[in-house]
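The values are calculated or read from the model by the stated rules, or taken from the named source; none is laboratory data. Note that the structure is predicted; figures quoted are calculated from it, not measured. As a convention, Cβ positions derive from the backbone with ideal geometry for all residues, glycine included, and neighbour counts pool all protein chains shown.
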């Protein structure tokens, strides 16, 4: 689906959201050839180098509150990035990371000890994400 089709289907997809989506589409197109997807089979389906590059681009943080180091976006922003992640078959724990990070952010907003969210997101390839993907095995 191209940009114009997306915009016509959902008018709430403003120019900024579309630009973010296009940026991640370009990133995945550049960084995820089919050979990289196949090679990730050897690492439980996760390409740790790709994950680090994605984290450096700010992917997991886009939908998190700004006061917690996020981009201040919404779940819709995460979904738009997730669509591009899926389109490329990117071997990264994006959905797991967003789920865990948003849950921690919600817990923190209700007075729980939020701890170090950066470690959860950035950790050794995303500590919580890797644990979920690898079934608890060390990344």
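Going through (1) part of a helix (DSSP H, G or I); (2) loosely packed, with under 15 Cβ neighbours inside 10 Å one by one, residue 80 falls short only on (2). Among the residues making up segment 5-27, a single one is surrounded by fewer than 12 Cβ atoms within 10 Å (Cβ to Cβ) and at pLDDT 95 or above: 26.
Residues that are part of a loop (DSSP other than H, G, I, E, B), surrounded by 13 or more Cβ atoms within 10 Å (Cβ to Cβ) and in contact (Cβ under 8 Å) with a residue 60 or more places away in the chain do not occur anywhere in segment 47-70. Return yes when residue 104 is modelled with pLDDT under 90, surrounded by 13 or more Cβ atoms within 10 Å (Cβ to Cβ) and either within 28 Å of residue 16 (Cα to Cα) or under 14 Å from the mean Cα position of the chain (by Cα) (or both) and no when it is not. Judged against the criteria, residue 104 is a match.
Checked against (1) more than 23 Å from residue 13 (Cα to Cα); (2) surrounded by fewer than 15 Cβ atoms within 10 Å (Cβ to Cβ), residue 87 passes all but a single condition, namely (1). Looking across segment 28-46 at every residue that is assigned to a loop (DSSP other than H, G, I, E, B), closer than 12 Å to residue 90 by Cα and in contact with a helix residue (DSSP H, G or I) (Cβ under 9 Å, 6 or more places away or on another chain), the one that is modelled with the highest pLDDT is identified as 32.
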